[in-house]
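Below is one structure; the comments refer to it alone.
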Amino acid sequence: ADTLTSSELEQFKAKILADINYHGIQIFKPVSDEFDDPETVAENREILSKIPFAVVGSEKLVDRPDGTMVRGRSYPWGIIEVENEEHNDFIKLRQMLLRSHMEELKDATDMVLYENYRTQKLLSMGHVQDNNVFREFNPLVQLEEERRAHEAKMQKMEAEMAAVFQQKVNEKESKLKQSEEELYARHKEMKTVLEKQRTELDEKKKRAESTARPITPLEQHPTKGKKKNIFSGF
């Protein structure tokens, strides 16, 4: 960063990016998703605009004109500071490596770079591996797969709950129908018994009326035909 002017540095960066794209070289780039807050999105965009990074390194502390000590390099034309974003991209590089994207870099190194190296090494030794087992890790793809699996699980649970509910309703309706049929059969049986008892009572009544002895006129008037005793008063 301290060997080129600002315009030369921009042209040099553009040339490097063109070579990277032309040769299909995969480099790490911060990626934002829908879950990131606006501050994180802006930070990723700013880091991405600095790639490739132009940095300056120094282990020495130099005096600034105001008397403060800074880490940088001293030249006849002035001082270039390591931790000054107007002088170089060291701050953005450190931020990406050690603060904001350390875990993503570790995952990319482990899941992409190492697995690619491992695959090429095994192939050179004559071993063939199943690409479905050792596949490139993509956090966004994994999140999408987990979301789909969760939705499928929820749909399955809803279907099972609906089936259980329908089964309970059917069992309840079946029990109610069975109870209704039992009540109707009991009512019919009691009605039949009552009708039978009523018929039997009617038959007994008829037999009793037909076998009863007729009452004679004398029995109807027991004092008729008897002589009055005149001496009954004495």
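The charge dipole of the chain, taken about its Cα centre with unit charges on the Cβ of Lys, Arg, Asp and Glu (plus for the first two, minus for the last two), comes to roughly 4160 debye. Taking all protein chains together and rolling a 1.4 Å probe, residue 37 ends up with roughly 70 Å² accessible. Could you work out the local net charge near residue 27, counting Lys and Arg as +1, Asp and Glu as -1, over the other residues with Cβ closer than 14 Å to its Cβ? Taking every Cβ under 14 Å from that of residue 27, the sum is +1.
Each stretch of four or more DSSP H residues adds -39500 (n - 2.57); spread over every residue of the chain, this sum gives -19000 deg cm²/dmol at 222 nm.
In order along region 38-53, phi translates into HN-Hα couplings of x, 5, 5, 4, 5, 5, 5, 5, 5, 5, 4, 6, 8, 6, x, 6 Hz, rounded to whole numbers, per the Karplus curve 6.51 cos²θ - 1.76 cosθ + 1.60 with θ = phi - 60° and x for Gly and Pro. For region 25-61, applying the loop criterion from DSSP together with a ceiling of 13 other beta carbons within 10 Å to the trypsin sites (Lys or Arg not before Pro) yields 60. Net charge in the neighbourhood of residue 203 (other residues with Cβ under 12 Å of its Cβ; Lys, Arg +1, Asp, Glu -1) is +3.
Just to verify a number: what accessible area does residue 117 come out at with the full protein assembly present, 1.4 Å probe, Å² rounded to tens? About 130 Å², ignoring ligands and nucleic acids.
Over all directions, the projected convex hull of the C-alpha atoms in region 50-132 averages 8.8 nm² in area. Enumerate the lysines that residue 206 could reach by cross-link, defined here as Cα to Cα under 23 Å, with residues fewer than 8 away along the same chain left out. Here the lysines satisfying the reach criterion relative to residue 206 are 191, 196.
The relative contact order of region 1-96 comes to 23 percent, based on Cα pairs under 8 Å that sit 6 or more residues apart. Taking 158, 43, 209 in turn, the Gaussian network model of the chain (Cα-Cα springs below 10 Å) assigns the largest fluctuation to 209. For residue 201, the solvent-accessible surface computed with a 1.4 Å probe is close to 110 Å², ligands and nucleic acids excluded. Which values of log₁₀ I(q)/I(0), to two decimal places, follow from the Debye formula for the chain at q = 0.14 Å⁻¹ with a uniform point scatterer at every Cα? Debye intensities relative to I(0), on a log10 scale: -1.15. Pairs from the list 60/106; 50/121; 29/106 with a Cα-Cα gap above 23 Å: 60/106; 50/121.
Here the 3J(HN,Hα) profile of region 107-116, calculated from phi with Karplus coefficients 6.51, -1.76 and 1.60 at θ = phi - 60°, is 5, 5, 5, 6, 7, 9, 5, 5, 5, 5 Hz, Gly and Pro shown as x.
Evaluating 6.51 cos²θ - 1.76 cosθ + 1.60 at θ = phi - 60° for every residue in region 152-158, the Karplus couplings come out as 4, 5, 5, 5, 5, 5, 5 Hz, glycine and proline recorded as x.
The values are calculated or read from the model by the stated rules, or taken from the named source; none is laboratory data. Keep in mind it's a predicted model, so treat the numbers as computed, not measured. Quick reminder, even Gly has a Cβ in these numbers, built from the backbone with ideal geometry, and neighbours come from all protein chains shown. Heads up: the accessible areas ignore ligands, DNA and RNA and are worked out on the full protein's heavy atoms, side chains in. Shrake-Rupley method; radii C 1.70, N 1.55, O 1.52, S 1.80 Å.
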